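Please read the structure below before turning to the comments.
The values are calculated or read from the model by the stated rules, or taken from the named source; none is laboratory data. Just so we're clear, the structure is a prediction, and the values are computed from it rather than from any experiment. Neighbour counts run over all protein chains shown; Cβ positions are idealised from the backbone, glycine included.
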Amino acid sequence: MNWPAEAIWEAVAPLLPGFTVEVLPELDSTNTELMRRARAGQFEPVLLVAERQTAGRGRLGRSWHSGAGDALTFSLGLPLAPADWSGLSLAVGVAAAEALHPDIRLKWPNDLWWQDRKLGGILIETAVGLQARYAVIGIGVNIAARPADGLSTPPAALQELAPGLGAPAALERIALPLVQAVQAFEQYGFAPFQARFNARDALADRAVKLSDGTSGTAHGASESGALLVHTAAGMAAVTSSEVSVRPA
Ligand code: BTN
């Protein structure tokens, strides 16, 4: 595959001194690799792309499966010191969705959805850094349709809504807006992303069920990125990323 590593480097390096772009044919997981490097004392800003992951990871201990060429899988690693981390995955989702297609919706807290099917996901991890923590922001986007693998709803693929857009072109669209969003988040928090998230909120005004047993009607993200759910007991602000939510 022909990756736009140089174009991305030229666009991003002015914002992130010391930034590099690295594309590898295969890795267990781009998040795992950057967390390993951080534990070994490497905290430079880097965009690490794997053409294939053999042990991709998702949230809540789930795995993320993709084969060579059928998904865009990468992680952005950088030192980050926001006053408050809440809402970072939502801000990242906003940047990715806006960069890719107007019809992509966001399912709280960090899935990209198209027509109620999962198109991509975000996994953010952090490691102890030098002055700041080191953030590893992993993004996976399905590019080509693949079998449902026993999932009740087959995943969506970017080529269904943007035919001809491959993984390298998708990365080229996302990279700079992603870095800009992360830097804006570091400075201002989630607030500037709230309306943009809510404009794409896949759960807005829908009946939802949380994995902790709560159910109600979803009313978008709060100023700090919590999911507002109108329950029988009143308005609840769901913040725990351990909770998963689905349309009821
Ligand atoms: C989820 O849906 O729960 C999050 C999926 C995140 C997948 C991406 S692919 C690149 C990066 N490396 C990983 O192992 N996971 C993230």
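Out of curiosity, is A195 surrounded by fewer than 16 Cβ atoms within 10 Å (Cβ to Cβ) and either assigned to a loop (DSSP other than H, G, I, E, B) or of a type in the set (A, V, I, L, M) (or both)?
Taking the combined requirement at face value, the residue satisfies it.
Inside the stretch 7-49, can you point out the residues that are of a type in the set (D, E) and in contact with a strand residue (DSSP E or B) (Cβ under 8 Å, 6 or more places away or on another chain)? Walk me through it before giving the result.
As a first pass, look at the stretch 7-49 and keep what is of a type in the set (D, E): 10, 22, 26, 28, 33, 44.
If the condition is that a residue be of a type in the set (D, E) and in contact with a strand residue (DSSP E or B) (Cβ under 8 Å, 6 or more places away or on another chain), then E22, E26, D28, E33, E44 are the ones that fit.
Suppose the filter is surrounded by 15 or more Cβ atoms within 10 Å (Cβ to Cβ) and part of a loop (DSSP other than H, G, I, E, B); does A156 pass it?
Values: surrounded by 15 or more Cβ atoms within 10 Å (Cβ to Cβ): yes; part of a loop (DSSP other than H, G, I, E, B): yes.
Yes: the conditions hold for A156.
State the number of residues belonging to the stretch 56-71 that are more than 6 Å from the ligand (Cβ to nearest atom) and either modelled with pLDDT under 90 or among the small types (G, A, S) (or both). Show your work before the answer.
Going through the stretch 56-71, the residues more than 6 Å from the ligand (Cβ to nearest atom) turn out to be 60-61, 63, 65-71.
From what is left, the residues that are either modelled with pLDDT under 90 or among the small types (G, A, S) (or both) are 60-61, 63, 65-69, 71.
So the answer is 9.
For a quick check of your reading of the model, give me the residue pairs whose first member lies in the stretch 3-24 and is in the same structural domain as Q187 (by TED's automatic domain parsing), whose second is in a loop (DSSP other than H, G, I, E, B) and of a type in the set (D, E, K, R), with beta-carbon atoms closer than 8 Å and at least 6 apart or on different chains.
G18/E44; F19/E44; T20/E44; V23/E51; L24/E51
Looking only at the stretch 107-133, count how many residues are in contact with a strand residue (DSSP E or B) (Cβ under 6 Å, 6 or more places away or on another chain) and within 15 Å of the ligand (Cβ to nearest atom). Spell out the reasoning first.
Taking the stretch 107-133 first, the residues in contact with a strand residue (DSSP E or B) (Cβ under 6 Å, 6 or more places away or on another chain) are 107-108, 110-113, 118-127, 129, 132-133.
When the remaining residues are screened for being within 15 Å of the ligand (Cβ to nearest atom), the result is 107-108, 110-113, 118-127.
Of the residues in the stretch 107-133, 16 are in contact with a strand residue (DSSP E or B) (Cβ under 6 Å, 6 or more places away or on another chain) and within 15 Å of the ligand (Cβ to nearest atom).
Kindly indicate the residue of the stretch 37-52 that is farther than 13 Å from M1 by Cβ and free of Cβ contacts under 8 Å to residues at least 40 places away in the same chain and also nearest to the ligand (Cβ to nearest atom) among those meeting that condition. Before the answer, list the steps.
Residues of the stretch 37-52 that are farther than 13 Å from M1 by Cβ, as a first pass: 37-48.
Narrowing further to those that are free of Cβ contacts under 8 Å to residues at least 40 places away in the same chain: 40-42, 44-46, 48.
Values: A40: 18, G41: 21, Q42: 17, E44: 18, P45: 16, V46: 13, L48: 9 Å.
Filtering first and then ranking leaves L48.
Determine, yes or no, whether A218 is of a type in the set (G, A, S), in contact with a Leu (Cβ under 9 Å, 6 or more places away or on another chain), modelled with pLDDT under 95 and not in a loop (DSSP other than H, G, I, E, B). Steps first, answer last, please.
Details: of a type in the set (G, A, S): yes; in contact with a Leu (Cβ under 9 Å, 6 or more places away or on another chain): yes; modelled with pLDDT under 95: no; not in a loop (DSSP other than H, G, I, E, B): yes.
Against the criterion (of a type in the set (G, A, S), in contact with a Leu (Cβ under 9 Å, 6 or more places away or on another chain), modelled with pLDDT under 95 and not in a loop (DSSP other than H, G, I, E, B)), A218 does not qualify.
Every residue in the stretch 32-60 that is of a type in the set (K, R), under 29 Å from S244 (Cα atoms) and surrounded by 16 or more Cβ atoms within 10 Å (Cβ to Cβ), please.
Residues satisfying the conditions are R52, R57, R59.
Looking at A96, is it of a type in the set (A, V, I, L, M), over 24 Å from A199 (Cβ atoms), in contact with a Gly (Cβ under 8 Å, 6 or more places away or on another chain) and outside the structural domain of V243 (by TED's automatic domain parsing)? It would help to see each step written out before you state the result.
On the way: of a type in the set (A, V, I, L, M): yes; over 24 Å from A199 (Cβ atoms): no; in contact with a Gly (Cβ under 8 Å, 6 or more places away or on another chain): yes; outside the structural domain of V243 (by TED's automatic domain parsing): yes.
Judged against the criteria, A96 is not a match.
What's the number of the condition E186 fails, among (1) farther than 19 Å from K118 by Cα; (2) assigned to a loop (DSSP other than H, G, I, E, B); (3) not assigned by TED's automatic domain parsing to the domain that holds V238?
(2)
If you check S75, S63, S29, which single one turns out to be free of Cβ contacts under 8 Å to residues at least 24 places away in the same chain and either touching a Gly at 6+ places or on another chain (Cβ under 8 Å) or surrounded by 17 or more Cβ atoms within 10 Å (Cβ to Cβ) (or both)? First the steps, then the outcome.
On the way: S75 fails: free of Cβ contacts under 8 Å to residues at least 24 places away in the same chain; S29 fails: free of Cβ contacts under 8 Å to residues at least 24 places away in the same chain.
Matching residue, one of S75, S63, S29: S63.
Consider the stretch 120-152. How many of its residues are surrounded by 22 or more Cβ atoms within 10 Å (Cβ to Cβ) and farther than 20 Å from L88 by Cβ?
Residues that pass the stated criteria total 2.
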